[in-house]
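Asker: Here it is, the structure in full.
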Amino acid sequence: MRRMILVASTFVAAAFLTASSAQAQSAVASATISPAPSGHGHGVGVGAVTMLNGTSGALFTWGSSGGGFHVDGLFGLHHFHPGGPGTNNVTDFTIGGRFWYHLHAASFADFSLGGGVGIINWSTGVPGTSSNTDVSVEAGGQIRAFIVPNVALLADLGLGATFGNNDNVLIGSQSVTGSASPEGGSGFVVGTLGIAYFFE
């Protein structure tokens with residue numbers, strides 16, 4: 001009798017442990033980070049973004065249907081008075097493009113490697129002065145965090161270089177030097193974020 005009770009107890013304990021183990025494995029599997037190219041950010045999106053040299057503008061982005069990569073287009077037009085009202089104005093026009101390969105993806109975020117090129121043409125309102133053209137090159141990584149399935153916050157990090165009237169090289173996040181500040185000045189990191197809305 002005791003032997004039968006011991007065998008029955010052992011069977012019940014083994015069944016309970018097996019069920020608990022299966023449930024734990026299921027919970028771990030559901031929480032596991034998915035490999036790229038899963039996630040969101042497919043199709044066409046619009047928003048605003050800042051390149052590593054501080055050049056900002058409207059963003060047009062497109063993510064592949066398989067989720068393996070996305071491309072960005074940038075357009076910016078700024079007209080401002082760096083010295084305040086009554087001073088000479090500065091006008092700059094920016095176009096650029098970037099390519100990002102999705103290295104890793106989770107349910108609501110992904111990490112990409114890539115880079116791009118931006119062309120910035122700017123001029124001051126000083127009579128007799130000509131316009132200037134800067135070329136901005138960047139390479140590094142981008143993090144997209146989806147606060148809802150079709151809206152993402154963007155953050156870039158890596159190496160950026162601007163060539164032209166104000167040459168500038170930086171490693172880090174976004175800066176406000178180079179073409180973004182045609183009058184010159186010291187550089188500093190501000191960590192500006194971008195945002196994109198996807199029509200998926």
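Rule-based calculations on the coordinates, nothing more; no lab input. Just so you know, these numbers come straight off a predicted model, no measurement behind them. We place every Cβ from the backbone using ideal geometry, glycine too, and count neighbours over all the protein chains shown.
Asker: What ranking do Tyr197, Tyr101 get, fewest neighbouring Cβ atoms within 10 angstrom at the top? Intermediate values should be presented prior to the final figure.
Answerer: Values: Tyr197 15, Tyr101 12.
By the 10 Å Cβ count, ascending: Tyr101, Tyr197.
Asker: For a quick check: sort Leu74, Leu103 by the number of other beta carbons within 10 angstrom, fewest at the front. Mind dumping the intermediate values first?
Answerer: Working: Leu74 25, Leu103 14.
Result, fewest neighbours first: Leu103, Leu74.
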